[in-house]
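Accompanying notes for the structure given below.
The values are calculated or read from the model by the stated rules, or taken from the named source; none is laboratory data. Not measured: the values here are computed from a predicted model. We place every Cβ from the backbone using ideal geometry, glycine too, and count neighbours over all the protein chains shown. For the accessible areas, the whole protein counts, side chains as well, though only heavy atoms, and no ligand, DNA or RNA atoms are used. Shrake-Rupley method; radii C 1.70, N 1.55, O 1.52, S 1.80 Å.
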Amino acid sequence: MTRLLAILYLITLNCFSQSNLMETYNLMPWPKSIQENNQRFIIDENLTVSIDGKNQKRVQHGVTSFLRRLSNRSGVFINEGFAVPLSNNQQASIQITYKKSAELIIQDDESYQLDINSNKVTLVANTDVGAIRGLETLLQLLTNTNSEYYLPGVSISDAPRFVWRGLMIDVSRHFHPIDVIKRNLDAMASVKMNVFHWHLTDDQGFRIESKTYPKLHELASDRLYYTQEQIKDIVEYASILGIRVIPEFDVPGHATAILTAYPELGSKPGATYKIERYAGVFDPTLDPTKEDVYVFLENLFTEIAPLFPDSYFHIGGDENEGKHWDANEHIQQFKKEHNLATNHDLQTYFNIRLEKILKKLDKKLVGWDEIMTPNMPKTAIIHSWRGEHEGLAKGGTLIEAAKKGYNTILSNGFYIDRMESVVKHYQTEPIGDVQLTEDERNRILGGEVTMWSELVTPLTIDSRIWPRTAAIAERLWSQKDITDVDKMLKRLEVINYRLEEVGITHIRNKGVILRNLSNNQDISGLEILSNVCEPLKIYSRNEGGTEYKTYSPFTLFADACNVDANDALKFKKAVTNYTESPNEAHKSDIITLLEAWSKNHKAFQKIDKSPKIAPLESLSFNLSESAKFLLKLSQKEKLSKNDIKSFKSRIETLKQPFADVELVIVNDMEKLFEALK
């Protein structure tokens with residue numbers, strides 16, 4: 001009993017220590033273990049980096065990137081801009097050692113050990129990927145005083161909790177050029193993500209060159225597609241960053257683009273198809289009873305698979321309602337002849353045929369969780385995406401898949417296109433308190449962030465992915481007990497602006513959109529509004545999928561706004577603090593924000609109006625008037641019953657959507673009113 005108490009004491013002490021360190025270091029993902037030694041490694045012009053390991057391409061790239069970013073952050077003119085050769089006479093100040101080159105498979109070891117002392121930094125890893133993960137941590141540690149930049153003396157032992165930490169980008173609904181993909185790969189690497197899931201085909205476009213079936217990119221892409229050379233370039237670029245690339249060709253549903261090129265493969269006899277311009281789930285589906293469909297897919301996959309060295313190949317398999325199957329007499333007869341009672345059984349038949357095709361190509365099938373039917377081979381990976389919103393139990397399908405013997409990955413809870421708060425995503429715990437055997441736990445490989453692009457373009461995609469994805473990256477890398485939301489938000493604030501360093505445009509493009517809205521007038525009135533507004537959530541912005549087409553304008557006020565609006569978060573915290581402890585200091589924080597909002601309508605009125613801005617007039621006016629009322633109330637000015645009635649009326653107005661955004665401070669304004677009255 002005494003020994004058990006001692007162990008519990010040490011665990012508690014370590015947790016307390018790690019929590020305190022989160023106040024000091026802006027690391028994300030948070031490492032497995034960190035200990036301080038009260039030393040400092042000073043950054044000066046004599047800093048050098050050496051590499052001891054074979055096949056140095058990844059680490060050489062990582063070191064060069066590290067040195068450029070270190071120099072740019074610190075302003076130090078470092079004499080050696082690249083890794084220096086190993087020398088018996090002189091040791092480098094930062095020494096990197098690793099044993100082998102990673103194969104970019106799920107069994108890769110990404111662990112590393114980092115030790116910083118006053119005269120030397122050592123980074124030791126089993127693989128080159130582990131080494132470049134450690135370099136990102138080292139860069140995040142950079143600190144400064146008034147007179148110098150330094151790396152604090154720490155020892156860090158780190159390794160990921162999950163082996164699959166991915167980001168899916170849909171390039172079908174809106175095409176995203178090579179530079180968009182590369183900058184997001186750089187951002188992924190900066191927070192230790194290791195899988196890029198490339199959703200290349202859907203109803204709105206087929207986005208990859210096919211030399212075997214050229215009509216696919218000629219007729220079904222609007223001439224917006226990647227050449228095979230560009231695909232190879234991205235795969236190589238990702239490999240250097242330690243990121244695997246997994247393609248997705250979504251079949252048998254979501255097939256409008258494929259059928260636009262080859263309508264004879266469809267389930268509706270005699271039909272012609274056009275690339276879909278709206279969002280949603282559509283009827284066009286490949287015909288699983290036609291042998292020509294399997295010949296087509298085998299030829300296509302045989303051509304495409306070598307472009308992607310990874311062992312896994314995603315076939316989609318989701319959201320097939322089977323309407324064209326139900327209406328096709330031949331398909332219904334086929335089902336009877338093959339004892340296929342339901343459309344799920346028919347799709348399983350289709351999926352098994354695909355699994356065999358992919359197996360011949362040395363690929364393992366991945367599919368959305370609809371593919372998990374009784375006869376589906378256990379070699380498939382189940383991509384769990386459905387949850388309560390889709391009518392399933394809260395836990396979704398992840399645990400079910402693991403218990404049934406499938407390897408599985410989670411996206412339920414990580415759908416960032418739903419425009420929900422980073423806190424909700426961060427609190428999505430993949431396993432929770434479910435009791436699993438060791439084998440079942442090992443089958444849960446990790447998770448993926450999903451960026452569906454119905455409402456995003458190259459101008460806005462970064463602001464929809466980041467910074468929330470950095471917090472999800474921590475959920476998938478860090479230990480299960482790293483859950484403190486306030487400390488995460490504090491660290492994320494720093495990581496957020498550091499993402500600009502690798503090319504992410506999420507901060508600066510907001511100004512681009514607002515200047516476009518105002519015709520390059522003073523945007524301060526719009527900016528203040530955007531800091532308390534958020535886009536409508538959970539697909540209500542484009543309800544029914546028909547408000548926007550793929551070529552509609554995505555340069556509107558809603559596109560400038562983002563989740564977790566800055567001033568809204570500040571106001572929520574200030575109101576909470578005041579209601580819990582109503583003192584003058586807390587009231588002062590509230591008054592600062594109320595004063596800015598009360599004056600903002602004057603700034604808004606100075607903008608020459610246009611049809612793009614006119615819908616915001618009521619929002620701006622009612623926000624300013626409501627803020628004026630709360631200011632008077634906070635200063636204990638006398639207010640009439642009519643004043644109170646007018647305030648409540650304005651609050652009801654402000655609860656309504658404006659131009660596809662919602663004012664997210666309304667509830668806190670009501671809460672403040674109750675506290676002040």
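3J(HN,Hα) along segment 412-429, derived from phi through the Karplus expression 6.51 cos²θ - 1.76 cosθ + 1.60 where θ = phi - 60°, amounts to 4, x, 10, 7, 6, 6, 6, 6, 9, 4, 4, 5, 4, 5, 5, 8, 7, 8 Hz, with x in place of Gly and Pro.
Sequence-distant contacts, meaning Cα pairs under 8 Å at least 6 residues apart, place the relative contact order of the chain at 11 percent. Beta bridges assigned by DSSP with both partners in the chain are antiparallel in approximately 35 percent of cases.
Could you report segment 478-535's accessible area per residue, 1.4 Å probe, as an integer in Å²? Intermediate results must be reported in sequence, preceding the final value.
On the way: 2480 Å² over 58 residues.
For segment 478-535, the per-residue accessible area is 43 Å².
Taking only alpha carbon atoms, segment 194-331 gives an Rg to Rh ratio of 0.98, where Rh is the Kirkwood radius.
When DSSP beta bridges are limited to those with both residues in segment 92-139, what percentage is antiparallel, rounded to the nearest 5?
Numbers: 5 of 11 bridges.
Beta bridges within segment 92-139, antiparallel portion: roughly 45 percent.
Residues whose amide H comes within less than 5 Å of that of Val366, counting only those at least five positions distant or on another chain, are Phe313, His314, Ile315, Ile381 (H built at 1.01 Å from N in the peptide plane).
Can you pull out the GluC sites (Glu not before Pro) in segment 599-677 that DSSP calls coil and that have at most 13 other Cβ atoms within 10 Å? Don't skip to the end; give the middle numbers.
On the way: sites: Glu617, Glu625, Glu637, Glu652, Glu662, Glu670, Glu674; in loops: Glu637.
Here the GluC sites (Glu not before Pro) that fit, given the DSSP loop and packing criteria, are Glu637.
Pairs of Cα atoms under 8 Å, at least six residues apart: use those to get the relative contact order of segment 588-677, whole percent.
Relative CO of segment 588-677 lands at 30 percent.
For segment 402-508, the set of trypsin sites (Lys or Arg not before Pro) satisfying both a DSSP loop assignment and a count of at most 16 other C-beta atoms within 10 Å is given as Lys404, Lys480.
Do any trypsin sites (Lys or Arg not before Pro) in segment 34-139 lie in a DSSP loop with no more than 16 other beta carbon atoms within 10 Å, and if so, which? Loop-located and lightly packed - Lys54, Lys120. For segment 201-327, relative contact order (Cα pairs under 8 Å, six or more residues apart, normalised by length) works out to 31 percent. For segment 348-421 versus segment 537-579, the spacing of their alpha-carbon centroids is 30 Å. The modelled label-to-label distance between Phe77 and Thr579, using points 7 Å beyond Cα along the C-beta direction, is 5.7 nm. Were the residues from Lys677 through Glu388 laid out at 0.36 nm apart, the gain over their Cα-Cα distance would be 100.1 nm.
Think of it as helices only: each DSSP H run of n ≥ 4 in the chain is worth -39500 (n - 2.57), and spread over all residues that comes to -12500 deg cm²/dmol at 222 nm. Evaluating 6.51 cos²θ - 1.76 cosθ + 1.60 at θ = phi - 60° for every residue in segment 174-181, the Karplus couplings come out as 10, 6, 10, x, 4, 5, 5, 5 Hz, glycine and proline recorded as x.
Judged by the ratio a/c of the largest to the smallest principal axis of the C-alpha gyration tensor, the chain counts as oblate, that ratio being 1.5 or greater while a/b is no larger than b/c. The ellipsoid equivalent to the alpha-carbon distribution of segment 135-266 has semi-axes of 40, 15, 11 angstrom, derived from the gyration tensor eigenvalues as √(5λ) and listed largest first.
Each listed q (0.16 Å⁻¹) maps to a log10 I(q)/I(0) for segment 298-391, found by the Debye formula over equal Cα scatterers with no solvent: -0.74. Name the shape class, rounded, prolate or oblate, that the alpha-carbon gyration tensor gives for segment 16-108, where a ≥ b ≥ c are the square roots of its eigenvalues, rounded holds for a/c under 1.5, and otherwise prolate holds if a/b is larger than b/c and oblate otherwise. Judged from the Cα gyration tensor, segment 16-108 comes out oblate (a/c at least 1.5, b/c at or above a/b). Placing pseudo-labels 7 Å out from each Cα toward the beta carbon at Lys641 and Lys211 gives an inter-label distance of 8.3 nm. Taken as Cα centroids, segment 24-99 and segment 202-219 sit 44 Å apart, rounded to the nearest whole angstrom.
Rounded if a/c is under 1.5, else prolate if a/b is larger than b/c, else oblate: which is segment 495-540, with a ≥ b ≥ c the root eigenvalues of its Cα gyration tensor? Show your work: numbers first, answer last.
Working: a/c = 2.00, a/b = 1.15, b/c = 1.74.
Oblate.
Relative to one another, the C-alpha centroids of segment 591-612 and segment 112-141 are positioned 49 Å apart.
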